[in-house]
Amino acid sequence: MKLWEGRFDAPTAKNADLFNDSLPFDRQLWAVDIMASIAHATMLGNCGIISESESRAICTALNDISADIESGKLEIRGAEDIHSFVENELVSRIGDTGKKLHTARSRNDQVATDFRLYVRAAFDSLTESLVWLVQSLTDCAKYALKYIMPGYTHLRKAQPMCAGHFFAAYAEMFMRDLDRVASSRARANVMPLGSGALAGTSYPIDRDITCRLLEFDRPCENSLDGVSDRDFVAEYLFDASLIMAHLSRLCEDIILYSTEEFGYFEISDAYSTGSSIMPQKKNPDIPELMRGKTGRVYGHLMALLTTIKAIPLAYNKDLQEDKEGFFDAERQVINSLNIMAEMLPAIELKTKKMSKAAESEFCCATDVADYLAKKGVPFRTAHGVTGKIVRWCIENRRTLQNMTAEEYASFDEHFAPDITEVVKARACADARTSYGGASEACVKENIKSLKKRLAKYSK
Ligand code: ARG
């Protein structure tokens with residue numbers, strides 16, 4: 001039965017129903033729909049809009065429906081949307097009393113409330129998965145403290161760093177995501193229920209009661225905005241998109257570093273796949289697929305932003321399009337976060353190759369220039385002298401590490417015998433002790449701070 005068929009003479013066309021119905025996807029909202037209806041019915045009873053016994057009968061029946069859906073006894077089907085389904089079921093169980101549930105309510109404030117409850121819980125699961133990932137990255141950073149690797153700019157070897165710095169950098173990104181999700185959740189936690197179709201209601205409702213029962217921070221202040229606001233969905237999708245961007249960058253680094261050409265990481269067999277034709281292959285399909293899913297999540301954000309951009313106030317059916325993309329984005333981002341958190345500790349660090357790479361290709365050249373500058377040579381001049389040394393090394397097939405102190409001194413009188421120690425990769429990394437720098441000591445501090453900030457979000 002349609003909730004609105006009284007005004008109509010003829011039934012809707014079959015294809016119109018198929019096009020219009022949202023039950024195939026909004027069925028996921030059944031639990032929050034029932035939760036919000038119980039709060040609404042309780043409030044109606046408390047305010048004397050329906051009798052206390054009617055309110056109790058409605059709540060009991062709604063709880064029974066919930067239990068029956070949960071156990072699989074009641075199948076969700078045969079209605080336009082989840083709101084109609086629950087209400088039809090209620091009426092079929094308790095008759096006319098059930099028909100009073102929708103007093104002082106519209107599906108417009110109902111769906112806005114249901115979806116907020118759902119998205120609010122989704123923010124909480126996002127937090128949980130992010131905590132796990134930051135934890136996992138922090139553990140990797142701690143493990144990698146003892147090792148050296150080259151840092152890159154322009155994907156060219158740049159300067160040696162403590163390998164923990166790499167993992168802690170990603171932990172910082174997801175830490176920002178945690179903060180962002182917390183502030184989005186706080187903005188989302190405002191209750192549209194009581195906004196009615198668009199203009200509120202003439203019944204003496206008490207929105208503070210429903211607000212308390214549903215654990216919202218406050219009722220929305222404008223009913224017109226309340227029924228049409230989907231900013232909370234857009235914020236979730238943006239947060240999810242940025243998380244995917246961070247995951248995708250991490251995937252890209254993992255894929256690169258696990259190539260034969262780099263050879264710093266070995267992804268565990270448990271997270272790799274083979275080729276149907278090339279027997280030698282071990283492919284990084286999991287990080288590749290995750291990188292690929294990023295586009296899909298961005299797409300859902302763009303779709304929603306486009307959907308809401310020209311909607312006149314207040315509710316319009318376009319808003320039904322807020323759900324499918326969200327559900328998919330939620331699934332993709334949670335799965336991606338969880339699999340990344342479990343895959344990371346299974347990555348083997350090829351520490352010999354990493355530290356060798358940190359000394360190759362003149363990774364320590366900045367430290368040669370800094371050595372001279374610290375002895376009073378203007379940095380620009382020191383940079384020029386070091387450039388000449390690098391050129392000489394290339395022409396003579398030498399490295400900064402196998403040059404003798406005398407050879408250094410032939411380029412500039414300020415070079416003393418200790419220069420041969422200064423150009424070791426580990427010494428270069430450990431010299432970077434500025435706050436937030438790549439030395440082991442700094443990375444240790446970074447990890448300590450990450451753990452402290454993470455504790456705020458861990459249960
Ligand atoms: N299925 C609709 C949605 O998801 C529920 C609200 C319908 N309200 C209306 N006036 N048609 O947005």
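The values are calculated or read from the model by the stated rules, or taken from the named source; none is laboratory data. A quick note: this is a predicted structure, and the numbers were derived from the prediction, not measured. Positions of Cβ are generated from backbone atoms using ideal geometry, with glycine treated the same way; all protein chains shown enter the neighbour counts.
Counting only residues that are modelled with pLDDT of 95 or more and either surrounded by 19 or more Cβ atoms within 10 Å (Cβ to Cβ) or touching a Cys at 6+ places or on another chain (Cβ under 6 Å) (or both), give me the helices (runs of 4 or more DSSP H) lying completely in segment 2-49 with at least 2 of them.
Working: elements: 14-20, 23-26, 30-46.
Passing ranges, in order: 30-46.
Filter segment 81-105 down to residues that are assigned to a helix (DSSP H, G or I) and β-branched (Val, Ile, Thr) and give me whichever is nearest to the ligand (Cβ to nearest atom).
Ile82
Could we say that Phe415 is part of a loop (DSSP other than H, G, I, E, B) and either touching a residue at least 60 places away in the same chain (Cβ under 8 Å) or surrounded by fewer than 19 Cβ atoms within 10 Å (Cβ to Cβ) (or both) here? Spell out how you get there, then give the answer.
Values: part of a loop (DSSP other than H, G, I, E, B): yes; either touching a residue at least 60 places away in the same chain (Cβ under 8 Å) or surrounded by fewer than 19 Cβ atoms within 10 Å (Cβ to Cβ) (or both): no.
No, not satisfied.
Out of all the residues in segment 58-66, is one or more within 16 Å of the ligand (Cβ to nearest atom) and either farther than 29 Å from Ser223 by Cα or surrounded by fewer than 16 Cβ atoms within 10 Å (Cβ to Cβ) (or both)?
no
Among the numbered criteria (1) away from the ligand (no atom under 12 Å from the Cβ); (2) among the small types (Gly, Ala, Ser); (3) within 15 Å of Thr210 (Cβ to Cβ), which one does Gly78 miss?
(3)
Return only the number of the condition from (1) within 30 Å of Gln110 (Cα to Cα); (2) aromatic (Phe, Trp, Tyr); (3) outside any helix (DSSP H, G or I) that Phe262 does not satisfy.
Result: Phe262 fails condition (1) only.
Please give the number of the condition Phe238 fails out of (1) loosely packed, with under 15 Cβ neighbours inside 10 Å; (2) hydrophobic (A, V, I, L, M, F, W, C); (3) away from the ligand (no atom under 16 Å from the Cβ).
Phe238 satisfies all of (1) loosely packed, with under 15 Cβ neighbours inside 10 Å; (2) hydrophobic (A, V, I, L, M, F, W, C); (3) away from the ligand (no atom under 16 Å from the Cβ) except (1).
Just one of (1) surrounded by fewer than 18 Cβ atoms within 10 Å (Cβ to Cβ); (2) of a type outside the set (Val, Ile, Thr); (3) in contact with an Asp or Glu (Cβ under 8 Å, 6 or more places away or on another chain) trips up Pro192, so point out which.
Result: Pro192 passes all but (1).
Quick check on this structure: which one of Leu319, Leu337 is within 16 Å of the ligand (Cβ to nearest atom), in a helix (DSSP H, G or I), touching a residue at least 24 places away in the same chain (Cβ under 8 Å) and crowded, with 21+ Cβ neighbours inside 10 Å?
Numbers: Leu337 fails: within 16 Å of the ligand (Cβ to nearest atom).
When all the criteria are applied, what remains is Leu319.
For Gln280, state whether it is surrounded by fewer than 17 Cβ atoms within 10 Å (Cβ to Cβ) and either at pLDDT 95 or above or assigned to a loop (DSSP other than H, G, I, E, B) (or both).
Yes; evaluated as a whole, the condition is true for this residue.
Here is a check on your reading of the model: is Leu337 at pLDDT 95 or above, hydrophobic (A, V, I, L, M, F, W, C) and under 30 Å from Thr127 (Cβ atoms)?
When the stated conditions are applied, Leu337 passes them.
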